[in-house]
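Here's the structure, in structure tokens; my notes come after.
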Amino acid sequence: MSVLNSLISWWMKKRLHQVELFMKYPMEVQNDVFRQLLHKARDTQWGRAHGYAHIQTVEDYRERVPVSRYEDLFPWIERVMKGEQQVLWPTEIRWFAKSSGTTNDRSKFIPVSEEAFEECHFKAGKDMLAMYCSLVPDTQIFSGKGLTIGGSHKINSLKEGTYYGDLSALLMQNLPFWVEFIRTPELSVALLDDWEVKVERIARETMPQDVTNMTGVPTWFLVLFRWILNHTGKSNISEIWPNMEVYFHGGVGFEPYRESFRQLIPSDRMNYMETYNASEGFFGFADRLNSQGEMLLLLDYGIYYEFMDPSDVGQSHPRTYTLDEIELNRPYAPVLSTNAGLWRYLIGDTIRFTQKYPFRFHFSGRTKHYINIVGEEVMMENAEHALSSACLRTGAHVRDYTVAPIFLSGRQSGAHQWLIEFEIAPNDSQIFIAIIDEELRSVNSDYDAKRTGDMALRSPELISLPEGSFYLWLKERGKLGGQNKVPRLSNDRTLADALLHSCNQ
């Protein structure tokens, strides 16, 4: 396997030339992507309806094509799901990524073309590995297996031969055959529907193997780790997989979980690489070791980027910015045009650029995941920073959490209610929540202003939930495993009240 590891590592490093190209010439590469997308889609029904053949500039594009949310594009997507082709994209669409639906129970079905598989998701995945090989020249990850925890997929009943499921499952189903030699578990296990059965099957199949790298959402790996340790009596995961060296993580903010992973995998060789891969495309990965959430924006993967101010979401003609117009350290909502037929699509995330040329950024939250009951405008990035600081300063470890508002009533000011399921609880819960409050005040001036004198917002509340509370909430909604995750911030009490009701039954 050492020879195979050397060969694959050498091949991976050769891919870095294309990454270096878009890092050096970002605008030129993005302009090429823009022209290619419009040229290829000009004879689709969407392209003809919006005059793609006559679009010469980005300004023309902005005038002819509206910024769209999923609800706007759904009538077009539904036609594709029913078998109609040449609607949004010229090549056949047979796969749809079913979103997790974190903010409500309505799922979204995102078309995934062959180009999106090959020129975006798979290409970015290979380039991510190439980047890691260049950063760790003596890596041995290909001497063992890569463990991926994903979802499942089902046949779409709208048309024979059309499929939908979690993006992770779709990717595994369509991977080249040779990847099966370097990944685990076996595909039929990886795609099991029953999450509780799946965890046990994954654990039993992978424990005897030499797992060197992992990919997936942190919360579900913690579930797997607990099962393994409970059933083996081992004290940490390094005793199971001593050659583990890198975890490619994404889906949720990693900072609240970092210390738990360090304790569960107490290896000096362990590296952590952030990724930003969604149903709509693969947008970024860390290009530096242990970069604390900073990622390189991927520019040559069939996606053309625009950005808008999150406060403009919902406007009929919002202003958008190209890469060369963005400013550092302010939030933007990405607007995507993709090689799967999403046109000026508002993905619903927010990011914050930390560097230009090359363009690096942090994922900062969701346009719908925030708390703003008195003008405090607390975003997910603020909450994750505060929670991470509280854990670091008190030695607590968080398993899962959500934050909900307590609305103003009568003479009572409002507050934020933190519902947390701890892996290791803090010795003093009052100190823990006081640190969260202190950190939020330091990073968010609006929150600090509203907390002054407790006039609008009083001190936040902490509720420690019993073990398994979030797991049960997800299970009741059929959202175990895969890319499903708990909403971190809500501007209403739907989730919080459901959790509290379940705990009191």
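The values are calculated or read from the model by the stated rules, or taken from the named source; none is laboratory data. Keep in mind that this is a model prediction, so the values were computed, not measured. When we count neighbours, we look across all protein chains shown, and the Cβ atoms used for this are built from the backbone with ideal geometry, even at glycine.
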Can you find a residue in region 31-39 that is touching a residue at least 60 places away in the same chain (Cβ under 8 Å), of a type in the set (Val, Ile, Thr), assigned to a helix (DSSP H, G or I) and in contact with a Gly (Cβ under 7 Å, 6 or more places away or on another chain)? yes
Given SER107, SER134, which one is polar (S, T, N, Q), surrounded by fewer than 18 Cβ atoms within 10 Å (Cβ to Cβ) and under 30 Å from THR494 (Cα atoms)? SER107
Of all residues in region 229-242, which are in a helix (DSSP H, G or I) and crowded, with 22+ Cβ neighbours inside 10 Å? ILE237
Going by the conditions given, is TYR447 at pLDDT 85 or above, among the aromatic types (Phe, Trp, Tyr) and surrounded by fewer than 19 Cβ atoms within 10 Å (Cβ to Cβ)? no
Of the residues that make up region 420-439, is at least one modelled with pLDDT of 90 or more, surrounded by 14 or more Cβ atoms within 10 Å (Cβ to Cβ), in a loop (DSSP other than H, G, I, E, B) and more than 27 Å from the chain's Cα centre (by Cα)? yes
Of the residues that make up region 395-416, is at least one within 21 Å of the chain's Cα centre (by Cα), crowded, with 22+ Cβ neighbours inside 10 Å, part of a helix (DSSP H, G or I) and not assigned by TED's automatic domain parsing to the domain that holds TYR257? no
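Does GLY233 fit the bill of being in contact (Cβ under 8 Å) with a residue 60 or more places away in the chain and among the small types (Gly, Ala, Ser)?
In short, no.
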So which of ILE228, ILE202, ILE155, ILE182 is touching a strand residue (DSSP E or B) at 6+ places or on another chain (Cβ under 7 Å) and at pLDDT 85 or above? ILE182
Residue set VAL80, VAL19, VAL87; condition of a type in the set (Val, Ile, Thr) and part of a loop (DSSP other than H, G, I, E, B); output residue VAL87
Checking SER337 against (1) in contact with a Lys or Arg (Cβ under 9 Å, 6 or more places away or on another chain); (2) surrounded by 24 or more Cβ atoms within 10 Å (Cβ to Cβ); (3) of a type in the set (Ser, Thr, Tyr), only one condition comes out false. Which one? (2)
How do the pairs read when you match residues in region 312-327 that are within 16 Å of ILE347 (Cβ to Cβ) with residues anywhere that are of a type in the set (D, E, K, R), using Cβ under 6 Å and keeping only pairs 6 or more apart or on different chains? PRO318/ASP312; THR320/GLU306
Looking only at region 9-52, which residues are within 19 Å of TYR301 (Cβ to Cβ) and over 29 Å from the mean Cα position of the chain (by Cα)? HIS39
State all residues of region 325-369 that are within 23 Å of VAL112 (Cα to Cα) and aromatic (Phe, Trp, Tyr); if no residue qualifies, say none. TRP343, TYR345, PHE363
Can we say ALA404 is touching an Asp or Glu at 6+ places or on another chain (Cβ under 6 Å), closer than 26 Å to TRP220 by Cα, touching a residue at least 24 places away in the same chain (Cβ under 8 Å) and aliphatic (A, V, I, L, M)? no
Does any residue of region 308-326 turn out to be under 30 Å from GLU467 (Cα atoms) and polar (S, T, N, Q)? no
Qualifying position, being of a type in the set (Lys, Arg), over 30 Å from LEU229 (Cβ atoms) and either surrounded by fewer than 21 Cβ atoms within 10 Å (Cβ to Cβ) or touching a Ser or Thr at 6+ places or on another chain (Cβ under 8 Å) (or both), among ARG258, ARG262, ARG288: ARG288
Considering each residue of region 224-251, count those that are among the acidic types (Asp, Glu) and under 23 Å from PHE285 (Cβ atoms), and give that number. 1
Which pairs turn up if I take residues in region 171-185 that are under 18 Å from GLN209 (Cα atoms) and in contact (Cβ under 8 Å) with a residue 40 or more places away in the chain and look for partners that are aliphatic (A, V, I, L, M) and part of a helix (DSSP H, G or I) with beta carbon separation below 8 Å, at least 6 apart in sequence or on another chain? ILE182/ILE8
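Inside region 320-350, can you point out the residues that are part of a loop (DSSP other than H, G, I, E, B), at pLDDT 95 or above and of a type outside the set (Ser, Thr, Tyr)?
ILE326, GLU327, LEU328, ASN339, ALA340, GLY341, LEU342, TRP343, ARG344
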State yes or no: is GLY253 at positive phi and crowded, with 22+ Cβ neighbours inside 10 Å? no
